[in-house]
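Student: The structure follows.
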């Protein structure tokens with residue numbers, strides 16, 4: 001559940017990502033098996049309606065929990081749309097947040113990219129068809145964590161065995177450090193995630209665009225929340241994944257909707273704002289149209 005130096009040892013919980021890296025030869029160092037402490041297991045509801053999720057909670061458990069679906073439907077839907085049933089059954093929340101890059105250059109044991117001590121990002125000048133449309137740093141691989149985007153939409157915070165109340169930005173950075181998948185210190189372990197109480201009357205959902213129907217990392221994904229009252233957007237929050245080295249808040253879309261009528265024209269205009277700040281690579285400009293389409297679909301469903 002942490003990004004330790006490979007030669008110093010890596011933590012192993014369920015090992016859904018780690019096992020694949022070991023099989024391919026990308027990770028070859030010693031392993032540190034971790035046992036879940038009581039505060040790292042299960043779901044703990046507070047009197048104010050907030051929720052603390054242990055880092056050992058499986059994605060399947062989060063997806064299937066009816067109380068989470070009622071209070072945090074975007075979290076439940078994001079978990080339900082992640083990977084395959086087999087992976088969701090084993091994969092943990094902490095592991096999903098701390099997983100390593102899915103870039104095919106990183107996953108090739110014979111290529112030394114930035115994340116493996118190399119001097120450059122081979123995807124930038126090579127095949128980057130599934131990579132970022134918001135070029136924020138030297139590495140152009142999108143962050144693979146669906147749950148990180150969902151937590152960003154919900155203002156979730158992360159606690160480790162050394163620090164508490166880390167934001168998603170604190171955990172994953174801003175994309176400017178191409179050598180790291182996260183900002184965890186060597187040996188630091190994610191222990192739990194805290195979600196603030198849901199807003200009264202809020203709606204939320206998860207939408208994505210993928211290249212195949214099943215078992216595929218999304219090209220673009222969006223977790224969206226809204227409070228629509230008297231036909232007006234009283235609150236809007238959107239976070240997107242698959243488009244940048246870290247999940248991104250779509251602040252321009254939120255600003256275009258806040259206090260506005262939940263009409264077709266307003267939503268269409270707001271969806272166009274989803275690509276503000278985009279810097280696509282030669283092969284990733286198609287993701288901008290996908291992003292606008294996914295945002296428009298999500299907002300229309302929330303306003304319906």
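Student: If you go through the stretch 196-206, how many residues are surrounded by fewer than 22 Cβ atoms within 10 Å (Cβ to Cβ) and part of a strand (DSSP E or B)?
Tutor: Qualifying residue count for the region: 2.
Student: With the requirement that a residue be assigned to a loop (DSSP other than H, G, I, E, B), touching a residue at least 12 places away in the same chain (Cβ under 8 Å) and surrounded by fewer than 24 Cβ atoms within 10 Å (Cβ to Cβ), what does the stretch 118-139 give you?
Tutor: Those that are assigned to a loop (DSSP other than H, G, I, E, B), touching a residue at least 12 places away in the same chain (Cβ under 8 Å) and surrounded by fewer than 24 Cβ atoms within 10 Å (Cβ to Cβ): 120, 121, 126, 127, 128, 129, 130, 135, 136, 137, 138.
Student: When only residues in the stretch 73-87 that are modelled with pLDDT of 95 or more and out of contact with any strand residue (DSSP E or B) (no Cβ under 6 Å at 6 or more places or on another chain) count, which is nearest to residue 149 (Cα to Cα)?
Tutor: Residue satisfying both the conditions and the ranking: 75.
Student: Name the residue, out of 184, 152, 166, that is without any contact (Cβ under 8 Å) to a residue 12 or more places away in the chain and not assigned by TED's automatic domain parsing to the domain that holds residue 270.
Tutor: None of the other options fit; the residue is 166.
Student: Further question: Which is assigned by TED's automatic domain parsing to the domain that holds residue 107, over 16 Å from residue 198 (Cβ atoms) and exposed (fewer than 14 other Cβ atoms within 10 Å of the Cβ), of 57, 24?
Tutor: After applying the criteria, what remains is 24.
Student: So residue 48 passes all but one of these: (1) surrounded by 15 or more Cβ atoms within 10 Å (Cβ to Cβ); (2) part of a loop (DSSP other than H, G, I, E, B); (3) at pLDDT 90 or above. Which condition number does it fail?
Tutor: Just one mismatch for residue 48, condition (1).
Student: Only one residue in 212, 203 is closer than 29 Å to residue 278 by Cβ, modelled with pLDDT under 95 and over 19 Å from the mean Cα position of the chain (by Cα). Which one?
Tutor: Only one candidate qualifies: 212.
Student: If you go through the stretch 63-79 one residue at a time, do you hit one that is in a loop (DSSP other than H, G, I, E, B) and over 26 Å from residue 160 (Cβ atoms)?
Tutor: The answer is no; no qualifying residue exists.
Student: Same structure, new question: Looking only at residues that are assigned to a loop (DSSP other than H, G, I, E, B) and out of contact with any strand residue (DSSP E or B) (no Cβ under 6 Å at 6 or more places or on another chain) in the stretch 235-254, which one is nearest to residue 203 (Cα to Cα)?
Tutor: 246
Student: Restricting the first residue to the stretch 247-273 and requiring it to be within 27 Å of residue 137 (Cα to Cα), which pairs with a second residue that is assigned to a loop (DSSP other than H, G, I, E, B) and modelled with pLDDT of 95 or more meet a Cβ separation below 7 Å and a spacing of at least six or different chains?
Tutor: Matching pairs, first to second residue: 247/143; 252/276.
Student: Quick one: residue 179 ticks every box in (1) surrounded by fewer than 24 Cβ atoms within 10 Å (Cβ to Cβ); (2) within 24 Å of residue 285 (Cα to Cα) except a single one, so which number is it?
Tutor: (2)
The values are calculated or read from the model by the stated rules, or taken from the named source; none is laboratory data. Note that this is a predicted model, so its numbers are computed, not measured. Note that we place each Cβ from the backbone using ideal geometry, even for glycine, and neighbour counts take in every protein chain shown.
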